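**Q** Have a look at this one before I ask anything.
Laboratory data are not the source of any read-out in this text; all were calculated from the coordinates shown. What you are looking at is a predicted structure, and each value in this text was computed from that prediction instead of being measured. Cβ atoms come from the backbone with ideal geometry, glycine included; neighbour counts cover every protein chain shown.
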Amino acid sequence: MFKDKTIACKDCGTDFTFTSGEQEFYKEKGFENEPTRCKECRAKKKTSFKGRDNNRR
Ligand SMILES: [Zn+2]
């Protein structure tokens, strides 16, 4: 079984929890790398990517 894990975000330095459920999800998807950014920074990255795509068109 997985255990909750605390990771320091690479972008903002905030400690976030990589929950057991998320770890299971990552394994299911075959992701080998653990997340390095907190949810907020990941969400920011996602939206900025989308924004760029929209601007291009
Ligand atoms: Zn962060």
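**Q** Which trypsin sites (Lys or Arg not before Pro) from the range 1-48 combine a DSSP loop assignment with at most 11 other Cβ atoms within 10 Å?
**A** Listed in order of number, the matching sites are LYS3, LYS10.
**Q** Given labels modelled 7 Å from the Cα in the Cβ direction, how far is it in nm from SER48 to PHE2?
**A** 2.6
**Q** In Å, what Rg and Dmax follow from the Cα atoms of the range 1-52?
**A** Values for the range 1-52 (Cα only, Rg and Dmax): 12.0, 39 Å.
**Q** Something else now. Short version: ³J(HN,Hα) in whole Hz for each residue of the range 18-32, in order, from phi by Karplus 6.51 cos²θ - 1.76 cosθ + 1.60 (θ = phi - 60°), x for Gly and Pro, what are they?
**A** 8, 6, 4, x, 5, 4, 5, 4, 4, 5, 4, 7, x, 6, 8
**Q** For THR17, what is the net charge nearby, where nearby means another residue's Cβ is under 15 Å from its Cβ and Lys, Arg count +1, Asp, Glu -1?
**A** Values: positive: LYS3, LYS5, ARG37, LYS39, ARG42; negative: ASP4, ASP15, GLU22, GLU24, GLU34, GLU40.
Spelling it out: positives minus negatives among the neighbours equals -1.
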